[in-house]
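Structure record follows, encoded as structure tokens.
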């Protein structure tokens with residue numbers, strides 16, 4: 001893995017960094033395909049929303065793009081770029097130094113494998129016991145405190161389980177530990193609303209736009225466990241792994257249906273899609 005800090009090859013930050021001390025910062029995880037950062041504008045838009053939510057200055061876009069281009073020139077054609085912005089660090093205490101000074105931490109690693117079977121047949125998913133508690137001011141953004149997801153992911157070590165779904169304190173489904181959830185029911189595409197908690201994924205935005213372009217009704221709403229179990233189709237998505245159908249959720253089995261397939265085709269490469277492999 002290649003790592004740069006503030007534009008220079010480095011793999012360490014000062015112990016007083018506010019991202020380390022307090023989780024005071026934001027991050028984005030961007031898929032690089034043939035040297036191009038996919039959905040870059042969507043990632044930047046969420047980063048800007050995160051800065052507003054945390055009452056931080058505008059992100060240093062020009063510096064981030066220079067770092068991105070420099071790292072990508074050194075790395076593989078398909079890679080995962082992780083961007084961490086922290087509010088720097090100075091002294092002790094919760095009060096930020098004024099004005100805050102950005103610290104940029106960027107790392108580049110090879111893209112993961114995308115097993116054909118996960119996209120063709122689907123993945124196994126479980127319910128998590130961990131709850132996602134509401135914090136409307138932070139809903140949708142990717143701040144550095146990910147303990148909800150860390151605790152949820154620690155609930156299983158079965159390599160056959162690819163993802164876990166998290167609910168809020170009222171029992172509504174929020175999404176996966178690393179993905180957004182979509183339910184297909186009666187010809188409509190439903191996804192949890194994220195007014196109180198959750199992450200508004202860039203692939204979620206792409207899927208909703210693709211569905212709308214195909215004339216498919218799309219609705220953000222509260223989804224119960226029963227809504228998921230009675231779905232015609234279920235899938236999860238994120239920026240690195242694309243769209244993966246759910247073939248089993250707990251004891252309930254599903255088949256990848258026509259809506260999921262159409263959206264896989266619309267989003268397209270670099271992930272496997274219908275027609276791109278034997279048996280599809």
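Just so it is clear, none of the values below were taken in a lab; they were calculated from the coordinates. Note that the structure is predicted; figures quoted are calculated from it, not measured. Note that each Cβ is placed from the backbone with ideal geometry, even for glycine, and that neighbours are counted across all protein chains shown.
Only alpha carbons enter this Debye calculation for segment 74-178, each as an equal point scatterer, and the log10 of I(q)/I(0) it gives at q = 0.17, 0.22 Å⁻¹ is -1.07, -1.21. Annotation: the residues 151, 92, sorted from fewest to most other C-beta atoms within 10 Å of their own C-beta, follow the order 92, 151. With neighbours defined as other Cβ atoms within 10 Å of a residue's Cβ, the residues 179, 107, 224 order from fewest to most as 224, 107, 179. Within segment 228-280, the proportion of Cα pairs with more than 18 Å between them is 32 percent.
With Cα atoms as the point set, segment 116-267 shows a radius of gyration and Dmax of 14.2, 40 Å.
Pair-distance distribution of segment 72-118: all C-alpha pairs, bin width 10 Å, starting at 0; shares per bin in whole percent are 22, 29, 22, 19, 7, 1. How would segment 174-245 be classified by its alpha-carbon gyration tensor: rounded, prolate or oblate, with rounded meaning a/c under 1.5 and the a/b versus b/c comparison settling the rest? Rounded is the answer for segment 174-245, as its axis ratio a/c remains below 1.5. Any chance you could give the angle, 0 to 90 degrees and rounded to 10, that helix 258-267 forms with the longest Cα principal axis of the chain? Its long axis makes an angle of about 30 degrees.
Pairs of Cα atoms nearer than 8 Å and 6+ residues apart set the relative contact order; for segment 2-110 it is 39 percent.
Our summary of shape: the Cα atoms of the chain have principal axis extents of 55, 42, 37 Å, ordered from largest down, in whole angstrom. With an 8 Å cut-off on Cα pairs and a minimum separation of 6 or more residues, tell me the relative contact order of the chain in percent. It comes to 18 percent, rounded to a whole number.
Once Rg and the Kirkwood radius are both taken over the C-alpha atoms of segment 2-110, their ratio Rg/Rh works out to 0.97. Taking other Cβ atoms within 10 Å as a rough exposure proxy, 94, 22, 119 sort from fewest to most as 94, 22, 119.
With one equal scatterer per alpha carbon and no solvent term, the Debye-computed log10 I(q)/I(0) for segment 145-202 at 0.13, 0.15 1/Å reads -0.37, -0.49. Helix 61-74 and the long axis of the chain differ in direction by around 70°, with both axes built from C-alpha atoms.
Compared with the alpha-carbon gap, the fully stretched path from residue 3 to residue 253 is longer by 85.9 nm at 0.36 nm per residue.
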